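Structure first, then comments.
The values are calculated or read from the model by the stated rules, or taken from the named source; none is laboratory data. As the structure is a computational prediction, the values presented were derived from the model and not from experiment. Every residue, glycine among them, receives a Cβ derived from its backbone with ideal geometry; neighbour counts consider all protein chains shown.
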Amino acid sequence: MRTKFKMTLAMLAVAISIVATQARAADIVGTWRMVSWLEEETESKAARSPFGDHPIGSITYTADGHMMVIFADPARKPSASLKPIETEAAELYRTMVAYAGSYSVDGDKVTHKIDVSWNQAWNGNQPNALPRDQR
């Protein structure tokens, strides 16, 4: 049985207060620092923090409807040289998420449409519309 996860991003305490009210695109324009990453198992509701208690990253929203995000596990190890060997590259890939695209705001919900991603399978999708094994 495949584990089904839904992703929840909490980028900043201010972002939480925006969600609690009717958000407008102008309310989120800017760059926000990530403060947590939580995955919740769909069926059991078990939660885990795959990038630890203090992930590093940021998300930027522009006034013209574009966005980009990158975050990583702060415990990731650097490669031995500027060009990582295959095993190092695989580990670096597993310990980060990065994508860019457009966004829309509808009431208290911000939706991303991914144009380019560190994971090619995400391109053209919305994070909540990805196949469950890709989340």
The lone condition Asn128 fails out of (1) surrounded by 12 or more Cβ atoms within 10 Å (Cβ to Cβ); (2) of a type in the set (S, T, N, Q); (3) modelled with pLDDT under 90 is (1)
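Given the residues Val116, Val110, which is the only one that is modelled with pLDDT under 90, over 12 Å from the mean Cα position of the chain (by Cα) and surrounded by 13 or more Cβ atoms within 10 Å (Cβ to Cβ)? Lay out the reasoning, then the answer.
Values: Val116 fails: modelled with pLDDT under 90.
The unique qualifying residue is Val110.
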Screening Asp53, Asp64 for residues that are modelled with pLDDT of 90 or more, of a type in the set (Asp, Glu) and not in a strand (DSSP E or B) leaves only Asp64
Of (1) out of contact with any Lys or Arg (no Cβ under 7 Å at 6 or more places or on another chain); (2) part of a loop (DSSP other than H, G, I, E, B); (3) at negative phi, Trp32 fails just (2)
Of the residues in the range 94-107 that are surrounded by 13 or more Cβ atoms within 10 Å (Cβ to Cβ) and either of a type outside the set (Gly, Ala, Ser) or closer than 13 Å to Ala72 by Cβ (or both), the one that is farthest from the chain's Cα centre (by Cα) is Val105
Among Ala90, Ala100, the single one that is modelled with pLDDT of 85 or more, small (Gly, Ala, Ser), closer than 25 Å to Asn123 by Cα and in a helix (DSSP H, G or I) is Ala90
Expected output for the range 46-62 (first residue more than 23 Å from Lys113 (Cα to Cα), partner assigned to a loop (DSSP other than H, G, I, E, B) and β-branched (Val, Ile, Thr), Cβ below 7 Å, 6+ apart or cross-chain) is none
